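Only one structure is covered here, and it is reproduced in the block below.
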Amino acid sequence: MSQTLFTNATLACIDGDNGYGLRTDSALLVEGDKISWLGTMAECTAPVGAEVIDCEQRLLTPGLIDCHTHVVYAGDRAAEFEQRLEGASYAEIAAAGGGIVSTVNATRNASADELFAQSLPRVHQLISEGVTTLEIKSGYGLDCDNEIKMLRVAGRLQSELGIRVQKTFLGAHALPPEFDGRSDDYIALVCDEMLPRAHAEGLVDAVDVFIESIAFTLQQGERVLACARQLGLPVKAHVEQLSDMGGAAMAAARGALSVDHLEYLSEQDVGQLADGHSVAVLLPGAFYVLREQQLPPLAALRDSRVPIALASDANPGSSPIHSLLLIMNMACTLFRMTPAEALRGVTLNAARALGKAQYIGSLEVGKQADIVIWDVDQPALLSYRIGMNPCRAVMQSGQWRVSGQGVAA
Ligand code: DI6
Ligand code: FE
């Protein structure tokens, strides 16, 4: 079994209840694909034959986790960006047949290879900043074959790039044009055919639904989540993004791993998230791009000790953003989160939002050796700077991704 010893490191372990879990002058041992030991330099002895990496007091964090993305799609929506700048709203563009549906048309028309080729640079960009785990949603196919095509592309990104991908079925993302005026019929198709088929092919790790005035009602969302639970699948939901539809409380009551967006979440409903052990996934990129004014109820989330995760929401409409470091900065500047909350939001709490906190999201003995070496000496620098990428090297499950060259002693 291969052994790698990181010495003279500053570790942001993210292992306590809050803060960074910072340990200076520390060492960490990886054996095989797992972290097997960590402690102080004074306690550390290198096992015979181990690769030794002198970190020169650089910061090590767990691999970053982007727990909410729509990176697999075709085309772009730059024209809509221009329309919004001229005053059209996101909801108006969607109501006029643009928005998500325009990406659906482009995605349906793309072959699986084209979809893969278009998605690849977006994923490369995310992982260049230390992302080791990525959630990818379907939701731009909106029929059986095209949803399955998207999920297969997500799986191919995992196998070809060696990253960890969680595939989330989001068939109930928007109403496809051929079901205009028949949204209940579409939801029946989602529940009776699309989801069971995708699941039977082993393509679904979780199920999501968009509950919003421009998407599906609370009752329709509930039906999709109930079907998912019957199939034994974990659930999550896009809720309270543009209005308060009560979706977060409903999804939390169904044991949702996460409820995402939440700008319009009422303070009364925050307690339900705590009761349901759902993670609040905040998406400051969409808030920024849509120039939203309504802030998520951060104080209430903190008071109720709801774990808060952050994600890119990378998508062609409301968040054409491919940088978790920028998202961390936005969470601090726009939502007044602390840099420690931001780092926890893209590591341990993001792992929780994916139901994977048992084995990723922190630097702890027994967890997967997903480790980023940063060219910084203190963790706040990750949130503070904009447009810098201090990611120096990435280890995923004990394997080097970006070469550790120059770091090795
Ligand atoms: N909310 C979002 O932020 C994305 N989907 C959703 O339900 C946006 C998707 C898009 O505009 O293409
Ligand atoms: Fe989204």
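The values are calculated or read from the model by the stated rules, or taken from the named source; none is laboratory data. Everything numeric here is computed off the predicted structure, so don't read it as measured data. Backbone-built Cβ (ideal geometry, glycine too); neighbour counts: all protein chains shown. For accessibility, only protein heavy atoms count, side chains too; no ligands or nucleic acids. Shrake-Rupley method; radii C 1.70, N 1.55, O 1.52, S 1.80 Å.
Name every residue in region 47-80 that is more than 16 Å from ligand 1 (Cβ to nearest atom) and surrounded by 20 or more Cβ atoms within 10 Å (Cβ to Cβ), in order of residue number.
Scanning region 47-80 gives Ile53, Cys55, Arg58, Leu59, Leu60, Thr61, Pro62, Gly63, Leu64, Ile65.
Search region 26-39 for residues that are under 13 Å from Cys13 (Cβ atoms) and assigned by TED's automatic domain parsing to the domain that holds Asp54 and pair each with any residue that is open to solvent by less than 30 Å² (accessible area, probe 1.4 Å) and not in a strand (DSSP E or B) when their beta-carbon atoms are under 6 Å apart and the residues are at least 6 apart or on different chains.
Within 6 Å, the pairs are Ala27/Cys44; Ile35/Lys367; Ile35/Ala369.
Does any residue in region 290-317 that is of a type in the set (Gly, Ala, Ser) come within less than 6 Å, Cβ to Cβ, of a residue that is open to solvent by 40 Å² or more (accessible area, probe 1.4 Å) and at pLDDT 95 or above six or more places away or on a different chain, and which pairs are these?
Ala314/His322
Among the candidates Ser243, Ser213, single out the residue that is surrounded by fewer than 22 Cβ atoms within 10 Å (Cβ to Cβ), in a loop (DSSP other than H, G, I, E, B) and modelled with pLDDT under 95.
Only one candidate qualifies: Ser213.
Can you confirm whether region 226-237 contains a residue that is within 22 Å of Ala286 (Cβ to Cβ) and open to solvent by 10 Å² or more (accessible area, probe 1.4 Å)? Walk me through how you get there before you give the answer.
Just the residues of region 226-237 that are within 22 Å of Ala286 (Cβ to Cβ), to begin with: 235-237.
With the extra rule that they be open to solvent by 10 Å² or more (accessible area, probe 1.4 Å), the set shrinks to none.
No, that holds for no residue.
Residue under question is Ala251, and the condition is that it be outside any strand (DSSP E or B), small (Gly, Ala, Ser) and either within 30 Å of Phe81 (Cβ to Cβ) or within 16 Å of ligand 1 (Cβ to nearest atom) (or both); does it hold?
Criteria met by Ala251.
So, in region 61-79, how many residues would count as being in contact with a helix residue (DSSP H, G or I) (Cβ under 7 Å, 6 or more places away or on another chain) and either closer than 21 Å to Ser138 by Cα or at pLDDT below 95 (or both)?
Residues in region 61-79 being in contact with a helix residue (DSSP H, G or I) (Cβ under 7 Å, 6 or more places away or on another chain) and either closer than 21 Å to Ser138 by Cα or at pLDDT below 95 (or both): 9 in total.
State all residues of region 272-293 that are over 17 Å from the mean Cα position of the chain (by Cα), away from ligand 1 (no atom under 13 Å from the Cβ) and open to solvent by less than 30 Å² (accessible area, probe 1.4 Å); if no residue qualifies, say none.
Once the filter is applied, which keeps residues that are over 17 Å from the mean Cα position of the chain (by Cα), away from ligand 1 (no atom under 13 Å from the Cβ) and open to solvent by less than 30 Å² (accessible area, probe 1.4 Å), region 272-293 yields Leu273, Gly276.
What is the number of the single condition among (1) in contact with a Pro (Cβ under 9 Å, 6 or more places away or on another chain); (2) farther than 30 Å from Ile127 by Cβ; (3) open to solvent by 10 Å² or more (accessible area, probe 1.4 Å) that Asp205 does not meet?
(2)
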